[in-house]
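Colleague: Before I ask anything, let me first share the structure, which is written out below as structure tokens.
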Amino acid sequence: MTKALITGITGQDGSYLAELLLRKGYEVWGIVRRSSTFNTGRIDHIYTDPHWSDVKLRLLYGDLTDSGRLMQIMEEVKPDEIYNLGAQSHVRVSFDEPEYTCDTVAMGALRLLEAVRLICPKARFYQASSSEMYGKVAETPQSEQTPFHPRSPYAVGKVFAFHQTVNYREAYGMYGSNGILFNHESPRRGETFVTRKITRAVGRIVHGMQEKLYLGNIDAKRDWGFAGDYVEAMWRMLQQERPDDYVVATGETHTVREFLEIAFGHVNLDYQDYVEIDPKYFRPSEVDLLLGDPGKAKRELGWEPKVSFRQLVEMMTDADLELAKWEAEHGNGRLAAEARKG
């Protein structure tokens, strides 16, 4: 049985990837940061749903800032495949916490690569790279050959991790692949990310728990896909004979404004009646346009996105309408409204 180790297993991508690998018969191990509250909500169903009763999922405490613990985990698990999805992944927050962001994103990847090199150098390593690395884009669309121009501490950390993965591949003959993933969303997206912030607001406005939604640059353009599709590309990268780097994207770009129009329009509302612009949500240096060229992934991996932009927005909106309805019916609406007003 193939063993996979996932950092960031409790996040959006980690939860979808864990499901994918378990369906393929893998033994899946995940690294979870210790905290005073449980943060496993995205994967709890794997333990409680009878559908997953015969799968092998194991969680271990660990942290990308602790190289000694990463070494211990490699010794214990001896994985065949490693997926490094863990990070402080919020771009706007990275401006407020640049050191911590780079410690997890950049140095975290380096610590993990070194642990792999020393303990299980034959394992296949996937590094979650990001379209944010392109930043102030040199060309459109962005491909594997497009130069990087990062515009945030998060993006700078991702560029470091990308090149370290290539370096370990070339210096030590390790199997390391980078997936340059463009924006990918789902109902499991964190609520502070703009897409989920929008769909949560729609649900709460419909159920009378929120009046306004405050956003930053709604004219920013992004290439948005469904996270459930994108984890398939991650897995396919590690099944190739040789490691390489791939852009994973839809090849379409849409503005935040378009996302608003579809989400609010899905419930017959006009977003302009509810959305206000707040300068505090603007980044110190903005990334205005991201559009990926997934041609290489399509040719070499046989990968295609299945969920369209409209389907993605409507999927997320429907899920958050149900969540808001549950909150309203169970009396959680008032507390949530006070905590998340705006």
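The values are calculated or read from the model by the stated rules, or taken from the named source; none is laboratory data. These numbers come from a predicted model, not from an experiment. No Cβ is skipped: glycine too gets one built from the backbone with ideal geometry, and neighbour counts run over all protein chains shown. Protein only, heavy atoms only, side chains kept; ligands, DNA and RNA dropped before computing areas. Shrake-Rupley method; radii C 1.70, N 1.55, O 1.52, S 1.80 Å.
Colleague: Compute, for the stretch 38-86, the length of the dipole vector about the Cα centre, with Cβ point charges of +1 (Lys, Arg) and -1 (Asp, Glu) only. Units Debye, rounded to 20.
Modeller: Numbers: 5 positive and 9 negative charges, 10 e Å.
The calculated dipole for the stretch 38-86 is roughly 40 debye.
Colleague: Oh, and also: So what J values fall out for the stretch 258-266 if you push phi through Karplus, 6.51 cos²θ - 1.76 cosθ + 1.60 with θ = phi - 60°, rounded to Hz, Gly and Pro as x?
Modeller: 4, 4, 4, 4, 6, 5, 6, x, 4
Colleague: Determine the dipole magnitude for the stretch 1-50: charges of +1 sit on the beta-carbon of Lys and Arg, -1 on that of Asp and Glu, nothing else is charged, the reference point is the Cα centre, and the result goes in debye to the nearest 20. Let's see the in-between values first.
Modeller: Working: 6 positive and 5 negative charges, 33 e Å.
Its charge dipole is roughly 160 debye.
Colleague: Just want the answer: with Cβ charges of +1 for Lys and Arg and -1 for Asp and Glu, which residue in Ala109, Val28, Phe38 is farthest toward the dipole's positive end in the stretch 15-113?
Modeller: The Cα lying farthest towards the positive end belongs to Val28.
Colleague: Does anything in the stretch 294-325 have its amide N under 19 Å from the 7 Å Cα→Cβ label point of Glu241, and if so which residues?
Modeller: 296-303
Colleague: Okay, moving on. Scan around Tyr214 for amide H atoms under 5 Å from its own, H built in the peptide plane at 1.01 Å from N, and keep only partners 5 or more places away or cross-chain.
Modeller: Glu276
Colleague: Follow-up question, since we're still on this one. With +1 on each Lys and Arg Cβ and -1 on each Asp and Glu Cβ, and nothing else charged, work out how big the dipole of the stretch 190-305 is about its Cα centre, in Debye to the nearest 20.
Modeller: Values: 15 positive and 21 negative charges, 57 e Å.
The dipole magnitude comes to about 280 debye.
Colleague: Using +1 at the Cβ of each Lys and Arg and -1 at the Cβ of each Asp and Glu in the stretch 114-216, identify which of Ala155, Thr192, Gln127 lies farthest towards the dipole's positive end.
Modeller: Thr192
Colleague: Can you list the residues of the stretch 23-47 with backbone N under 19 Å from a point 7 Å past the Cα of Leu59, pointing along Cα to Cβ?
Modeller: 23, 27-47
Colleague: Quick check: at a probe of 1.4 Å, how many percent of the accessible area of the chain sits on carbon and sulfur atoms?
Modeller: Numbers: 7250 of 15250 Å².
Carbon plus sulfur share of accessible area: 48 percent.
Colleague: Could you please state, rounded to a whole Å, how far the C-alpha centre of the stretch 14-75 is from the C-alpha centre of the stretch 274-303?
Modeller: 28
Colleague: For Gln272 and Ala138, calculate 0.36 nm times their separation in residues minus their Cα-Cα distance, and state this gained length in nm to one decimal.
Modeller: The span from Gln272 to Ala138 would gain 44.9 nm if fully extended.
Colleague: Through the Karplus equation 6.51 cos²θ - 1.76 cosθ + 1.60, θ set to phi - 60°, convert the phi angles of the stretch 135-151 into ³J(HN,Hα) values in whole Hz; use x for Gly and Pro.
Modeller: Result, rounded to whole Hz: x, 7, 5, 8, 7, 9, x, 8, 10, 5, 9, 5, x, 8, 9, x, 10.
Colleague: Collect residues whose amide H, placed 1.01 Å from N in the peptide plane, falls under 5 Å from the amide H of Tyr175; neighbours closer than 5 in sequence don't count.
Modeller: Under 5 Å from the amide H of Tyr175 lie the amide H atoms of Phe125, each far enough along the sequence or on another chain.
Colleague: Continuing with this model, one more query. As a quick test, which of the pairs Lys280/Lys306; Lys56/Lys158; Lys122/Lys306; Lys56/Lys78 have an alpha carbon distance above 26 angstrom in this structure? Please list the in-between numbers first.
Modeller: Details: Lys280/Lys306 35 Å; Lys56/Lys158 31 Å; Lys122/Lys306 33 Å; Lys56/Lys78 15 Å.
From Lys280/Lys306; Lys56/Lys158; Lys122/Lys306; Lys56/Lys78, over 26 Å: Lys280/Lys306; Lys56/Lys158; Lys122/Lys306.
Colleague: Then there's this: Between His51 and Arg310, how high is the FRET efficiency from 1/(1 + (r/R0)^6) when r is the Cβ-Cβ distance and R₀ = 45 Å? Nearest 0.05.
Modeller: Efficiency computed from Cβ-Cβ geometry: 0.95.
Colleague: How much accessible area per residue does the chain have, in Å², with a 1.4 Å probe?
Modeller: Per-residue value: 45 Å².
Colleague: How large, in Å, is the stretch 70-219 by the Kirkwood hydrodynamic radius built from its alpha-carbon pairs? Display every interim value, and only then the final one.
Modeller: Working: mean 1/r = 0.0584 Å⁻¹.
Kirkwood radius, the stretch 70-219: 17.1 Å.
Colleague: In the P(r) worked out for the stretch 178-235, what percent of Cα pairs fall beyond 19 Å? Display every interim value, and only then the final one.
Modeller: Working: 676 of 1653 pairs.
I get 41 percent for the Cα pairs in the stretch 178-235 exceeding 19 Å.
Colleague: FRET efficiency for Gln145 and Glu191, Cβ-Cβ distance as r, R0 = 30 Å, nearest 0.05? Present the calculation step by step, with values, prior to reporting the outcome.
Modeller: Values: r = 36 Å, r/R0 = 1.19.
Computed FRET efficiency for Gln145 and Glu191 comes out at 0.25.
Colleague: Could you bin all the Cα-Cα distances of the stretch 47-142 into 5 Å bins starting at 0 and give me the percent of pairs in each, rounded to whole numbers?
Modeller: Bins of 5 Å from zero give 2, 11, 18, 18, 14, 14, 11, 6, 3, 1 percent of pairs.
Colleague: In addition: Using only alpha-carbon positions, what ratio does the radius of gyration of the stretch 266-309 give when scaled by 2.2 N^0.38 Å? List each step's numbers first, then the result.
Modeller: Values: Rg = 17.7 Å, N = 44, 2.2 N^0.38 = 9.3 Å.
Against the compact-globule rule of thumb, the ratio is 1.91.
Colleague: Now, a different point. Work out the P(r) tail for the stretch 160-282: percent of alpha carbon pairs separated by more than 16 Å, whole number.
Modeller: Values: 5135 of 7503 pairs.
The share of Cα pairs beyond 16 Å in the stretch 160-282 comes to 68 percent.
Colleague: Using just the helices of the chain, give the 222 nm mean residue ellipticity in deg cm²/dmol: DSSP H runs with n ≥ 4 each add -39,500 (n - 2.57), and the total is spread over all residues, rounded to 500.
Modeller: On the way: 12 runs with 134 residues, N = 342.
Calculated mean residue ellipticity at 222 nm is -12000 deg cm²/dmol.
Colleague: Another one. In units of 2.2 N^0.38 Å, what is the alpha-carbon radius of gyration of the stretch 156-210? Present the calculation step by step, with values, prior to reporting the outcome.
Modeller: Working: Rg = 18.7 Å, N = 55, 2.2 N^0.38 = 10.1 Å.
That works out to 1.86 for the stretch 156-210.
Colleague: Let me ask something else. How long is the gain from Glu114 to Ser67 if the chain were fully straight, where each residue apart is worth 0.36 nm and the alpha carbon distance is subtracted? Mind showing how you got there, number by number?
Modeller: Numbers: separation 47, 0.36 × 47 = 16.92 nm, distance 0.86 nm.
Gain on extension, Glu114 to Ser67, equals 16.1 nm.
Colleague: With equal scatterers on the alpha carbons only and no solvent term, can you work out the Debye log10 of I(q)/I(0) for the chain at 0.11, 0.12, 0.14 1/Å?
Modeller: Treating every Cα as an identical point scatterer, log10 I(q)/I(0) equals -0.73, -0.87, -1.19.
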